[in-house]
Amino acid sequence: MWKTIFFSFDPTLAQLLPSAYRQGTFEFRYRGPQSVKHLIESLGIPHTEIGNILCDGKPVTLDYLPQDGDPLQVHLIRYPEPTSDTPEPRFILDNHLGRLTAHLRMLGLDAMYRNDFQDSELIRCALSEGRILLTRDRRLLMHKSLQQGCLLYSLDPLAQLYQVVERYHLLHWIRPFQRCMRCNHPLQPVPKEAILDRLLPLTRLYYDEFSRCPACDQIYWKGSHYERMERFIRQLQRGEKDML
Ligand SMILES: [Zn+2]
């Protein structure tokens, strides 16, 4: 039996719809019974992006089966401001997101990444370790068992970072320069004397504070890139999106 419903989407979500549906409310016809989750995903929007859904002003869940004539308003997911009980978000990144990975690790955030993960491994890891999957692949986010994911709207790594920082309120958790950029492991301070033979002469001369990755043995110090990164973090904190 055919049903007609009236969809309207938050503007961010609307840009994911087929072009004929991007302006305001539209009529949608389908053959019944289908969950609102299935209907929205069939229009190209992964369930990980969906927040509140209102039917005639009243909230409904993703498994709601719309009735003929229902007006459905779909909002982008919004995460509440973190409290002291909120666990720190941890991420797993899809292949080709190496630069976003580097930015997240620079901020001290837990960002798992390899450039050769299979889709099934990404999903498995996201589920077993409670990680949020970051990707530009909508199909991947439509995997039915996936609970937490984020569709990246931009191709630009800094715009992607800004989107993730904003969505998950990451300024609450940043600890800059405390995570290995190579392998994601937390760094530990190391006395200069212990690594003296591994330093180039100028580094030995100008720097006194060092940290070391216990997993891959990489050495870090606050070199020339440090100030640039600090400036970048201050801009993030001030919400100066355009300056990034
Ligand atoms: Zn490491």
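When the range 187-202 is examined, which residues are found to be more than 16 Å from the ligand (Cβ to nearest atom) and exposed (fewer than 15 other Cβ atoms within 10 Å of the Cβ)? It would help to see each step written out before you state the result.
Residues of the range 187-202 that are more than 16 Å from the ligand (Cβ to nearest atom), as a first pass: 191-194, 196-197, 199-202.
If the condition is that a residue be more than 16 Å from the ligand (Cβ to nearest atom) and exposed (fewer than 15 other Cβ atoms within 10 Å of the Cβ), then Pro191, Lys192, Glu193, Ala194, Leu196, Asp197, Leu200, Pro201, Leu202 are the ones that fit.
Regarding Tyr226, is this residue outside any loop (DSSP other than H, G, I, E, B), within 16 Å of the ligand (Cβ to nearest atom) and in contact (Cβ under 8 Å) with a residue 40 or more places away in the chain?
no
Among (1) over 27 Å from Leu133 (Cα atoms); (2) within 13 Å of the ligand (Cβ to nearest atom), which single condition is Asn184 missing?
(1)
For Asp110, state whether it is at pLDDT below 95 and under 30 Å from His185 (Cβ atoms).
The answer is no for Asp110.
May I ask you to say which residue of Asp217, Asp197, Asp156 is at positive phi and either touching a strand residue (DSSP E or B) at 6+ places or on another chain (Cβ under 8 Å) or at pLDDT 90 or above (or both)?
Result of the check over Asp217, Asp197, Asp156: Asp217.
Select the strands (runs of 3 or more DSSP E) contained entirely in the range 7-117, then report the ones holding at least 2 residues which are of a type outside the set (Asp, Glu) and free of Cβ contacts under 8 Å to residues at least 40 places away in the same chain.
26-31, 50-55, 58-60
The values are calculated or read from the model by the stated rules, or taken from the named source; none is laboratory data. Only a predicted model underlies this, so the values are computations on that prediction, with no experimental measurement involved. FYI the Cβ positions are ideal-geometry reconstructions off the backbone, even for glycines, and counts take in every protein chain you see.
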